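J.: The structure's right below; bear with me while I get my questions together.
The values are calculated or read from the model by the stated rules, or taken from the named source; none is laboratory data. In this text, all values refer to a predicted model and were calculated from it rather than measured experimentally. Cβ placement follows ideal geometry from the backbone for every residue including glycine, while neighbour counts extend to all protein chains displayed. Side chains are part of the model used for accessible areas, which takes the heavy atoms of the whole protein and leaves out ligands, DNA and RNA. Shrake-Rupley method; radii C 1.70, N 1.55, O 1.52, S 1.80 Å.
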Amino acid sequence: MIQFKALKQAKNDSCGYYAMYNALSCVQALRAYSDADASHHISQLYSRARFWRLFTHLTNHLKEKVKTLQYDTYPWTNTHVEKGVLERPYIEHLMEDPSTLPNIWRRAGCGHAQDGMDTVSHMISAMPDFSMHSLRYNRLPLNDIAALDKVFSLFSASDDYTHAFLLGQTIHWVCIVCSKLSGRVEVALIDSRNHKLLGATEEEIKSIMDEDADDPDLTTRYKGPGYQSLKDPVQTTTLFHDCITGRQDITTYLLEYNMDGFFESFEEHVGLPSKEDEILMLLIGWLEGYWPPPVIRHNIVQIVEQKRRYLSNNTRDKFHAWGTYLSERIDFQGCGFPVV
C-alpha cells in the first residue's frame, strides 16, 4: 500500500473534484501504452493548470444540465454549481452516460482520441457514504457492498485489472486506486489535503488536527468528523487491499462490522438494566438518538434474514440473545412501541 502526494486542494470545499481528477489521472496512467507515457500522466497529478481546466469543463457541463431543467432549486442552480462542491446528484449525472467523463477529459486537454479512456466509467466507482464510522453505527449501503463485491471478484478473476474509487468519508472525498498488474497488487491512497496518513500513529493524526485547527473544515463543529476523515482513509485502504489479496471478504467484513457497531452502541447506551421501566426509557432514547427502528429494519433485520450465511455463529447468537433479552422484559405491542 502506498500514498501518492498529489495536487493540494486550494478550495476546501472542492475535494470531490480533486478526487475525481486524481482518479482519472491514475486510471489513464495505468492504461498507458508505455512506461514513459504512464510516468507523464502520473506527473500530471501535480498540474494545477490541468486540474482547473478539468474543473471548468466539468462545471460548465453541469451548468448545461441546469439550463435543461424546469425548476431552479438546490443543487441544480448555477450558483450552487459555481460554489465548487461536487454534490451527489452532480456525480450521478457525470457518470450516468459512459461517454461523458472521457469527452470532458479530452475537451479539457487531458487526453486524446486514442487514450483508452472510453471505458473509464466502468473503472471508477463513486460512493458518497463510505465513512467507516457511519458503516459501523448507521445505515449500511447494501448496494455499494454488492458493487464492491463485484469489483473485487474481477480482481480475483484476472491478473491485470484497475479500479479507482471516489469515496465520501465524513466531510471529505478521497481517491483510492487499486491495480493488479501481472498478478502484483498495489493499492494507492490519494488525499488532496496531502497529509501523510498511511503509517501515521495516533499522536501524528492528532498533530495534524492541531495544525489544521484554523482550517474552516475543522472548526469546533467539525472536530469529530474532521478527525474521522483522517482515520477513515487508512482503514479503507487496508480493507480494500485485504479484499483484493483474498485476506478479507468485503461482504462478510462490513456486515460483521455493522453488527458489531449495533451491539456496541446498544451496550453503551442501554446496557442490561434490571427494571423494565428503566429499560424502556433507555431503549427509547437509544432508538431516537442512535438506531431508529427503520434503520434497524433495513440493516440488522435485513442482514439477519437475507445475509445470514455471511455472519459468524457468534454474531447470530448475540442477535438472538439481544432479541430474547428485550422480548422477555418489554411488551412492545402493549406499550405501542414499533415492533422490529
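J.: Look at segment 1-31 and say how many of its residues are over 21 Å from the mean Cα position of the chain (by Cα) and open to solvent by 30 Å² or more (accessible area, probe 1.4 Å). Give the steps one after another, and end with the answer.
T.: At the first step, the residues of segment 1-31 found to be over 21 Å from the mean Cα position of the chain (by Cα) are 10, 28-31.
If we keep only those that are open to solvent by 30 Å² or more (accessible area, probe 1.4 Å) too, we end up with 10, 30-31.
Qualifying residue count, segment 1-31: 3.
J.: Quick check on segment 48-71. Is at least one of its residues aromatic (Phe, Trp, Tyr) and open to solvent by less than 10 Å² (accessible area, probe 1.4 Å)? Don't jump to the end; show me each part of the working.
T.: Initial filter on segment 48-71 (aromatic (Phe, Trp, Tyr)): 51-52, 55, 71.
Remaining after also requiring open to solvent by less than 10 Å² (accessible area, probe 1.4 Å): 51.
Scanning segment 48-71 turns up at least one residue that is aromatic (Phe, Trp, Tyr) and open to solvent by less than 10 Å² (accessible area, probe 1.4 Å).
Every residue, every condition in (1) under 24 Å from the mean Cα position of the chain (by Cα); (2) within 24 Å of Leu167 (Cβ to Cβ); (3) surrounded by fewer than 17 Cβ atoms within 10 Å (Cβ to Cβ), yes or no:
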| site | (1), (2), (3) |
| --- | --- |
| Trp105 | yes, yes, no |
| Ala108 | no, yes, no |
| His112 | no, no, yes |
| His122 | yes, yes, yes |
| Pro128 | yes, yes, no |
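J.: Just name the residue that is nearest to Leu148 (Cα to Cα) out of those in segment 249-276 that are part of a helix (DSSP H, G or I) and of a type in the set (Asp, Glu).
T.: Start the filter on segment 249-276 by keeping residues that are part of a helix (DSSP H, G or I), which leaves 250-269, 276.
Going one step further and asking which of them are of a type in the set (Asp, Glu), we end up with 256, 260, 264, 267-268, 276.
Working: Glu256: 16, Asp260: 20, Glu264: 26, Glu267: 30, Glu268: 31, Glu276: 43 Å.
Among those residues, the one meeting the criterion is Glu256.
J.: Let me ask you something else. For segment 277-304, what are the residues that are within 18 Å of Phe319 (Cα to Cα), open to solvent by 40 Å² or more (accessible area, probe 1.4 Å) and assigned to a helix (DSSP H, G or I)?
T.: First, the residues of segment 277-304 that are within 18 Å of Phe319 (Cα to Cα): 279, 283, 286-287, 290-304.
Filter again for open to solvent by 40 Å² or more (accessible area, probe 1.4 Å), leaving 290, 292, 294, 297-298, 302.
The answer is Pro294, Arg297, His298, Gln302.
J.: Among the residues of segment 130-147, are any in contact with a strand residue (DSSP E or B) (Cβ under 9 Å, 6 or more places away or on another chain) and surrounded by fewer than 17 Cβ atoms within 10 Å (Cβ to Cβ)?
T.: Looking for residues that are in contact with a strand residue (DSSP E or B) (Cβ under 9 Å, 6 or more places away or on another chain) and surrounded by fewer than 17 Cβ atoms within 10 Å (Cβ to Cβ), one finds at least one in segment 130-147, hence yes.
J.: Please tell me if Gly246 is modelled with pLDDT of 90 or more, closer than 30 Å to Ile2 by Cβ and either part of a helix (DSSP H, G or I) or not hydroxyl-bearing (Ser, Thr, Tyr) (or both).
T.: Numbers: modelled with pLDDT of 90 or more: yes; closer than 30 Å to Ile2 by Cβ: yes; either part of a helix (DSSP H, G or I) or not hydroxyl-bearing (Ser, Thr, Tyr) (or both): yes.
In short, yes.
J.: Taking segment 188-228 as the search range and keeping residues that are among the acidic types (Asp, Glu), more than 14 Å from Thr170 (Cα to Cα) and at pLDDT below 60, which one is least open to solvent (accessible area, probe 1.4 Å)?
T.: Filtering segment 188-228 for residues among the acidic types (Asp, Glu) gives 191, 202-204, 210-212, 214-215, 217.
Imposing the further condition that a residue be more than 14 Å from Thr170 (Cα to Cα) reduces the set to 202-204, 210-212, 214-215.
Of the ones still in play, those that are also at pLDDT below 60 are 214-215.
Working: Asp214: 148, Asp215: 40 Å².
Per the stated criteria, the residue is Asp215.
J.: Hey, another quick one. Out of curiosity, is Ser153 modelled with pLDDT of 95 or more, more than 14 Å from the chain's Cα centre (by Cα) and not β-branched (Val, Ile, Thr)? Before the answer, list the steps.
T.: Working: modelled with pLDDT of 95 or more: yes; more than 14 Å from the chain's Cα centre (by Cα): yes; not β-branched (Val, Ile, Thr): yes.
So Ser153 fits the description; yes.
J.: Condition (residue is outside any helix (DSSP H, G or I) and at pLDDT 85 or above) applied to segment 320-340: is it met by at least one residue?
T.: The answer is no; no qualifying residue exists.
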